[in-house]
Amino acid sequence: MKFQYKPNCAIIDYDKMVRICTFDENGFFETDNPKLIKRLQKSRKIKQVIEEKPQEVPKDEPKKETAEKVYTCKKCKFTTTNMGELLAHYRIDHPKK
């Protein structure tokens, strides 16, 4: 597993006073030790680097066009495609009493 943290930082077990690992000048550390992996995964500051294989995306696939959502006023027949306009309509035409 590969982990990322501050460059040239050493992780120390203060109970045993032993250096556990040291991150390289780029801030990466790689290990196969299962105990060390569990310990580093518990830390919130140390990030686990996941190497993903690039997935092949078909280029000819057309993008689906989403129809614009129509917002309607509950108190009258006003319709719009913009939520801001609907809220302004409520504020101006249907004020609270």
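We did not get these values from a lab; they are worked out from the coordinates using the rules stated. Note that the structure is a prediction, hence the values are computed from the model and not measured. Methodologically, a virtual Cβ is constructed for each residue, glycine included, from the backbone with ideal geometry; neighbour enumeration extends over all protein chains shown.
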Practice problem: Mind giving me the nanometre distance, one decimal, between the label points for residue 94 and residue 49, set 7 Å out from Cα along Cα→Cβ? | Solution: 5.5
Quiz item: Can you give the angle from 0 to 90° between the axis of helix 83-93 and the longest principal axis of the chain, with both taken from C-alpha atoms, to the nearest 10?
Solution: 40
Quiz item: Which entry is the computed volume of the Cα convex hull per residue in Å³ for this structure: (1) 146; (2) 267; (3) 93?
Solution: (2)
